[in-house]
Amino acid sequence: ILEKAKDAEMIVMATQGAGGLTRFLLGSVASKVAHRAARPILVVTAGAVERPAALRQIMVAVDGSESAERALKKAHQMAAPLKAKVLLY
């Protein structure tokens, strides 16, 4: 995924939500991509893919770091055309 996405500005992927023994044995592809990606990544849960809803609020976890500030900027860029609120945590 990371090799194919080298020219992309953002990666969007779904997670199957596997847990327990399956996750232990196989790991989480979404988690591995998120930890290694050098670009923004949006991970959508399986339930959200099956029941899409209007995006009205985006929660951003901030800790005062430079990377959190960049994430906040990306969230605002995504929220603006959708007229969604950005919530800070």
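The values are calculated or read from the model by the stated rules, or taken from the named source; none is laboratory data. What you see is a predicted model; the values in this text were computed from it and never measured. For neighbour counting, all protein chains shown are included, and Cβ atoms are generated from backbone atoms with ideal geometry for every residue, glycine included. Just so you know, the surface numbers come from the protein's heavy atoms only, side chains and all, with ligands and any DNA or RNA stripped out. Shrake-Rupley method; radii C 1.70, N 1.55, O 1.52, S 1.80 Å.
Structural remarks
- To the nearest 10, the accessible area of Lys73 is 130 Å² with a 1.4 Å probe.
- Each Lys and Arg Cβ is given +1 and each Asp and Glu Cβ -1; about its Cα centre, the stretch 50-89 then shows a dipole of about 260 debye.
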